[in-house]
1. Given the criterion within 14 Å of chain B (Cβ to nearest Cβ), surrounded by 10 or more Cβ atoms within 10 Å (Cβ to Cβ) and out of contact with any helix residue (DSSP H, G or I) (no Cβ under 6 Å at 6 or more places or on another chain), identify the matching residue among A:473, A:440.
2. Looking at the structure I just gave you, is residue B:329 within 14 Å of chain A (Cβ to nearest Cβ), assigned to a helix (DSSP H, G or I) and closer than 30 Å to residue A:378 by Cα?
3. Determine, yes or no, whether residue B:94 is under 29 Å from residue B:210 (Cα atoms) and either modelled with pLDDT under 90 or crowded, with 16+ Cβ neighbours inside 10 Å (or both).
4. Test of understanding: among A:337, A:348, which residue is closer than 20 Å to residue A:102 by Cβ, facing another protein chain (nearest Cβ under 7 Å), crowded, with 21+ Cβ neighbours inside 10 Å and without any contact (Cβ under 8 Å) to a residue 60 or more places away in the chain?
5. Would it be correct to say that residue A:184 is closer than 28 Å to residue A:302 by Cα, modelled with pLDDT of 90 or more and not in a loop (DSSP other than H, G, I, E, B)?
6. At least 2 residues that are assigned by TED's automatic domain parsing to the domain that holds residue A:259 and closer than 20 Å to residue B:291 by Cα in each: list the helices (runs of 4 or more DSSP H) lying fully within the stretch A:390-443 that qualify.
7. Here's a check for you: in the stretch B:14-25, which residue that is facing another protein chain (nearest Cβ under 7 Å) and under 12 Å from residue A:374 (Cβ atoms) is surrounded by the fewest Cβ atoms within 10 Å (Cβ to Cβ)?
């Protein structure tokens, strides 16, 4: 799978992508800190790709730590949601949630009671790796586990590709600056990650696992290798990936490690690979080995605007304001709040939003850490954007097409393949907000599809109506013909009867001149 | 606590267009110094005229088009066009000729197509081509470079100024001093008169490898070009391809018949070759977009330059070669799109 490379050999640097300062020094030092429950937990019901979970608790009810409070909906891709700690359900209501573009989501509001009393419904399973795969997947879904690299794709579904999986890649690359949650996880809890890997291998019926770590994460590499050696499982090996951005993008990572390209519109399992975040693997291990569903995650809190940068294990639903408080509070230099890293993270308008399963980093940026928005110039066709694009697109071309907008050309020139990594923005001398334009264009493309689908439907309905009317017309003329035939040919007309008929008709119709 | 929102990415790593353009200007300084050394201060006067006219025209047109004047004036692109045009013209060109060329370059070739980023043709080369066909005699009027012969007449600064301003000179200035042949011109003319290359290059007009003075000018230009490559202001594709396009036929013909074809070194180091390779063909707006497209573009310019130099009517063909390849850019772009990740393999 690694094209003849032995593990631990660093892979060559590709031509695309950009080099960024890692700025991870601040939060790398120090162990993962555990944050106690805050005053209020806002647990969103939709923390996955798909449809929200459906609540099974009522306001006023007491819940225990790890108790399911919402189950996966039947109406689409969905996962369960659990109470992060014991306490009382105060309300179930719409609250602002941290998604790009803002918005609210229905959330279960829990007031922790500080006792951390555990739910007894889930128990540790010693023979997890020998369970039948459907059982493993069912349990993972039960545990509410989704992709924790930020995509929130339901893990159980991802572990159900059918046969023919040749490799499981555990993505610990974490290529964005500042973020070191996965790095800390690998440094301190590699054994848990590998346990999760083994369970996933069982679910996939696969026998090779590659743990991908970035070249400049020396401690994590050492820890992973030590854990692999201690485990003695020769199915699992370490792969070192060059330190550049965006090496950790799923498709890019697969191409780097295996040399295979996932076709447009396809999925990694088409090339025999399944890619999971290391945090997801740790969550899987936690559920099977300790009986704890996904109720907390490691979040990097960093930036000039926060007192002490750190990697903190936070309960899902913790308001960001409390998280920042735990990390030492705001400094005078807090200028911006970003969920994620500086390349793909989105701005948060305020800190009353909760941590979700997708929150890998809270960047409280100082003035100097956010580049000010600069006046845009026209594109000078320098070609730097195409040089760095991980998807080998031509952003300058897409920009021109997006101005049309020419949706057909946008689609054929790969707009849907844009991973929104921001590399093109980063190198553009005209400071054109390319990524934002492409996101807009994608939305326009989607709406355009919708419109053309509806048009096609309307056309079909129109044709059907035409046919129906035609049919009715021909049925009616057939019926008339049949009646005429029944009555027989016209005979002599009785003049008296005719005169009487006319009188009758005249008396009924006012003003008729017959 | 509330915060201002911005779109991702929040880090921007590129230097602005203005910074890029300024680097191009700095890279032209070595060439400028050597040009002035060999051909006198006329070049400086031309640059001044071109710069003033360029910025003035750009401001005027931007105002008419209701565009932000300050934003676009300060991007230095008009200045680069002006300097490149001025450096391509003969040093004694009277000011009205320089000004005309600049107006055509800025107003017609750049702004009437939409301004920065939208010009189809290289503006400096459009200006040059217009002057070439409108003022053919003046465009061929190169003075002798310094130190060709011990008794050549050097022109005083006053004479230069007078010619620049009025187009006329004091009676004691000979015609030769004002308009001698350039090495390229000389080669073309004398080959036409059935002389052979070894005979032609014996003339004091020629230095070691190419024309006297011209070799140094091209070398200095190449130095500046190397700086641009190092700073990644330009990329290697166009310069290398144009070099190859010019050198390959030159080499072939020189090997086949050295008596009637100048050497490849001569081609490289005479006329505006290095300026064309590093500064003119690399104008990103009018060049092809993809890497493969740029190789084809550069190659085409090199080949057409050689064709014009060898068989065409003009001594140096770079301007027309660039303009002809500019025409071809949309087709080149259409057929050299990179293969997108995940589409075929």
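1. It is A:440.
2. Values: within 14 Å of chain A (Cβ to nearest Cβ): yes; assigned to a helix (DSSP H, G or I): yes; closer than 30 Å to residue A:378 by Cα: yes.
Taking the combined requirement at face value, the residue satisfies it.
3. On the way: under 29 Å from residue B:210 (Cα atoms): yes; either modelled with pLDDT under 90 or crowded, with 16+ Cβ neighbours inside 10 Å (or both): yes.
Yes.
4. On the way: A:348 fails: without any contact (Cβ under 8 Å) to a residue 60 or more places away in the chain.
Result of the check over A:337, A:348: A:337.
5. Details: closer than 28 Å to residue A:302 by Cα: yes; modelled with pLDDT of 90 or more: yes; not in a loop (DSSP other than H, G, I, E, B): yes.
Yes.
6. Working: elements: A:395-402, A:407-412, A:423-427.
Filter on the stretch A:390-443 gives an empty set.
7. We begin by selecting, within the stretch B:14-25, every residue facing another protein chain (nearest Cβ under 7 Å); these are B:14-17, B:20.
After this cut, where a residue has to be under 12 Å from residue A:374 (Cβ atoms) as well, the list is B:14-17.
Details: B:14: 18, B:15: 14, B:16: 19, B:17: 23.
Only one residue tops the list, namely B:15.
Per-residue answers, yes or no, for (1) under 22 Å from residue A:355 (Cβ atoms); (2) touching a helix residue (DSSP H, G or I) at 6+ places or on another chain (Cβ under 7 Å):
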{"residue": "A:166", "(1), (2)": "no, no"}
{"residue": "A:189", "(1), (2)": "yes, yes"}
{"residue": "A:202", "(1), (2)": "no, yes"}
{"residue": "A:210", "(1), (2)": "no, yes"}
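The values are calculated or read from the model by the stated rules, or taken from the named source; none is laboratory data. From a predicted model like this one, the values you see are computed outputs, not experimental measurements. Don't worry about glycine lacking a Cβ; one is built from the backbone with ideal geometry, like all the others, and counts go over all protein chains shown.
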